[in-house]
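**Q** After the structure tokens below, expect a handful of questions from me.
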Amino acid sequence: MASFPKTDWIWRDGEFIPWEQATIHVMSHVVHYGSSVFEGIRCYNTPEGPSIFRLKEHVRRLQDSAKVYRMDAGFSAEQIGNACGELILKNGLEECYLRPIIFRGLGAAGLNPNSSPVQLYIVCWPWGTYLGEGALEQGVDACVSSWYRPAPNTHPAMAKAGGNYSNSQLIKMEALTNGYQEGIALSPSGNVSEGSGQNIFLVRNGTLITPATDGTLLEGITRDCIMRVARDLGIPVSEQPVPREMLYMADEVFFTGTAAEVTPVRSVDRIVIGEGKAGPMTKQLQERLLGIALGKLPDAHGWRTLVRSTGKDTLVA
Ligand SMILES: Cc1ncc(COP(=O)(O)O)c(C=O)c1O
């Protein structure tokens with residue numbers, strides 16, 4: 001069993017607690033019914049200092065997800081954003097992954113979510129390449145999963161809710177069991193939806209293509225970055241239905257996500273994509289996005305939030 005890269009402090013409902021104390025009761029509602037919403041955010045080490053990438057949008061999505069499930073953690077977007085920055089400084093980290101999570105704790109027995117208290121924790125830890133060593137350069141082998149994404153109006157896909165990830169786990173386990181690093185799920189209509197924890201893009205005849213938000217996929221923040229960066233570079237972008245076979249016909253395929261960043265896909269179902277390595281457009285977009293996140297390129301869209309201490313309170317500016 002791998003050991004978790006733990007840090008010293010965790011933020012819980014407005015206070016810092018030591019890592020070891022961040023435990024919950026086995027009868028907490030979330031343990032049985034998956035009643036959580038969460039975010040995954042990256043903080044990069046830039047020449048100016050630690051900088052959280054697209055903090056505002058992640059906090060907004062956390063609050064939107066909570067709204068769908070009628071959870072009110074009682075903290076404003078500003079308070080949550082500041083807590084993220086404070087936690088990074090408190091743990092003395094320069095780059096890390098941040099995981100704010102809102103869940104229903106220990107309350108009455110039974111399913112009714114309203115009888116259990118809503119809690120907000122924020123955890124951060126150092127986290128490298130999500131899909132394994134060398135994945136960002138060499139790419140990964142993926143398969144189309146036999147598991148579909150839930151249909152619209154079943155599990156709300158635009159909410160980043162813990163319960164949605166039981167489907168993701170099935171996709172991921174099937175892929176790993178069959179010798180692939182990642183699985184690509186179809187929507188109930190049979191078109192391509194997304195990876196187990198990433199959005200997916202294709203390049204075909206110079207156009208960047210990604211499945212439209214159809215109620216089966218998460219509206220990724222990295223997905224948004226890639227479409228905006230592509231448009232900045234004059235690359236045509238199309239959000240559209242993507243039939244499965246378009247994956248095999250593509251010149252390039254890549255995954256996007258906060259954890260996965262921009263990960264090239266070199267084969268799908270053992271069919272080699274393009275030249276079987278990161279394609280030129282994938283590399284161009286990957287370099288551009290990481291360049292902005294790492295503070296090597298100008299932040300034209302205002303995506304970086306510098307973490308700094310004001311002396312009295314720690315603030316994100
Ligand atoms: C199911 C799923 N799709 C897509 C993404 C990519 O979203 P983002 O780019 O906002 O991290 C994630 C990661 O959060 C995810 O879990």
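The values are calculated or read from the model by the stated rules, or taken from the named source; none is laboratory data. Just so it is clear, the model here is predicted, and its values are computed rather than measured. Here the Cβ positions follow ideal geometry from the backbone for every residue, glycine too, while neighbour counts run over all protein chains shown. These accessible areas exclude ligands, DNA and RNA; they are computed on the full protein's heavy atoms, side chains included. Shrake-Rupley method; radii C 1.70, N 1.55, O 1.52, S 1.80 Å.
**Q** Hey, any hits in segment 148-164 for a residue that's within 21 Å of residue 270 (Cβ to Cβ), outside any loop (DSSP other than H, G, I, E, B) and at pLDDT 95 or above?
**A** no
**Q** Which residue, of 290, 306, is within 30 Å of residue 50 (Cβ to Cβ) and either small (Gly, Ala, Ser) or touching a residue at least 40 places away in the same chain (Cβ under 8 Å) (or both)?
**A** Working: 290 fails: either small (Gly, Ala, Ser) or touching a residue at least 40 places away in the same chain (Cβ under 8 Å) (or both).
Being within 30 Å of residue 50 (Cβ to Cβ) and either small (Gly, Ala, Ser) or touching a residue at least 40 places away in the same chain (Cβ under 8 Å) (or both) holds for just one of 290, 306, which is 306.
**Q** If you don't mind, there's one more thing I want to ask. Within segment 102-122, work out how many residues are outside any loop (DSSP other than H, G, I, E, B), open to solvent by less than 20 Å² (accessible area, probe 1.4 Å) and not basic (Lys, Arg).
**A** Going through segment 102-122 one residue at a time, the tally reaches 5.
**Q** For segment 243-254, indicate whether the set of residues that are under 25 Å from residue 65 (Cβ atoms) and either among the small types (Gly, Ala, Ser) or touching a Leu at 6+ places or on another chain (Cβ under 6 Å) (or both) is non-empty.
**A** Within segment 243-254 (the criterion being under 25 Å from residue 65 (Cβ atoms) and either among the small types (Gly, Ala, Ser) or touching a Leu at 6+ places or on another chain (Cβ under 6 Å) (or both)), the answer is no, since none of the residues qualifies.
**Q** Here is a list: 174, 194. Which entry is in contact with a Ser or Thr (Cβ under 6 Å, 6 or more places away or on another chain) and within 16 Å of residue 268 (Cα to Cα)?
**A** Residue meeting the stated conditions: 174.
**Q** Enumerate the pairs (first residue in segment 210-224 and of a type in the set (S, T, N, Q); second residue anywhere and away from the ligand (no atom under 11 Å from the Cβ) and part of a helix (DSSP H, G or I)) with beta-carbon separation below 8 Å, excluding pairs fewer than 6 apart on the same chain, so at least 6 apart or on different chains.
**A** So the pair list comes out as 210/227.
**Q** When segment 45-67 is examined, which residues are found to be in contact with a Cys (Cβ under 9 Å, 6 or more places away or on another chain) and hydroxyl-bearing (Ser, Thr, Tyr)? Lay out the reasoning, then the answer.
**A** We begin by selecting, within segment 45-67, every residue in contact with a Cys (Cβ under 9 Å, 6 or more places away or on another chain); these are 50-55, 58-59.
Matches in segment 45-67: 51 only.
**Q** Take residue 234 and decide whether it is assigned to a loop (DSSP other than H, G, I, E, B), in contact (Cβ under 8 Å) with a residue 12 or more places away in the chain, under 30 Å from residue 302 (Cβ atoms) and more than 9 Å from the ligand (Cβ to nearest atom).
**A** no
**Q** Only one residue in 60, 99, 70 is outside any helix (DSSP H, G or I), open to solvent by 30 Å² or more (accessible area, probe 1.4 Å) and within 19 Å of residue 218 (Cβ to Cβ), so which one is that?
**A** Numbers: 60 fails: outside any helix (DSSP H, G or I); 70 fails: within 19 Å of residue 218 (Cβ to Cβ).
Residue meeting the stated conditions: 99.
**Q** Mind listing just one residue for me: the one in segment 270-317 that is among the hydroxyl-bearing types (Ser, Thr, Tyr) and at pLDDT below 95 and, of those, least open to solvent (accessible area, probe 1.4 Å)?
**A** In the first step, residues of segment 270-317 are kept if they are among the hydroxyl-bearing types (Ser, Thr, Tyr); the result is 282, 305, 309-310, 314.
Still in the list and also at pLDDT below 95: 309-310, 314.
On the way: 309: 78, 310: 79, 314: 31 Å².
Restricting to residues being among the hydroxyl-bearing types (Ser, Thr, Tyr) and at pLDDT below 95, the top hit is 314.
**Q** Go through (1) away from the ligand (no atom under 14 Å from the Cβ); (2) part of a strand (DSSP E or B); (3) among the polar types (S, T, N, Q) for residue 210 and report which single condition fails.
**A** All conditions pass for residue 210, except number (1).
**Q** Have a look at 5, 50 and point out the one that is under 20 Å from the mean Cα position of the chain (by Cα), away from the ligand (no atom under 16 Å from the Cβ) and at pLDDT below 95.
**A** Values: 50 fails: at pLDDT below 95.
Among 5, 50, only 5 is under 20 Å from the mean Cα position of the chain (by Cα), away from the ligand (no atom under 16 Å from the Cβ) and at pLDDT below 95.
**Q** Within the set of pairs 6+ apart or on separate chains, which have a first residue in segment 75-87 that is at pLDDT 95 or above, a second that is assigned to a helix (DSSP H, G or I) and surrounded by 19 or more Cβ atoms within 10 Å (Cβ to Cβ), and C-beta atoms under 6 Å apart?
**A** Pairs found: 77/59; 80/59; 81/55; 81/59.
**Q** Taking the residues in segment 237-287 that are free of Cβ contacts under 8 Å to residues at least 40 places away in the same chain and in a strand (DSSP E or B) as candidates, determine which candidate is nearest to the chain's Cα centre (by Cα).
**A** 239
**Q** I want to confirm something. Restricting to segment 160-182 and keeping residues that are within 11 Å of the ligand (Cβ to nearest atom) and in contact with an Asp or Glu (Cβ under 9 Å, 6 or more places away or on another chain), which single residue is farthest from residue 147 (Cα to Cα)?
**A** So the residue we want is 160.
Yes or no, residue by residue, for (1) assigned by TED's automatic domain parsing to the domain that holds residue 108; (2) open to solvent by less than 30 Å² (accessible area, probe 1.4 Å); (3) in contact with a Ser or Thr (Cβ under 9 Å, 6 or more places away or on another chain):
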{"residue": "2", "(1), (2), (3)": "no, no, no"}
{"residue": "14", "(1), (2), (3)": "yes, no, no"}
{"residue": "17", "(1), (2), (3)": "yes, yes, no"}
{"residue": "26", "(1), (2), (3)": "yes, no, no"}
{"residue": "48", "(1), (2), (3)": "yes, no, no"}
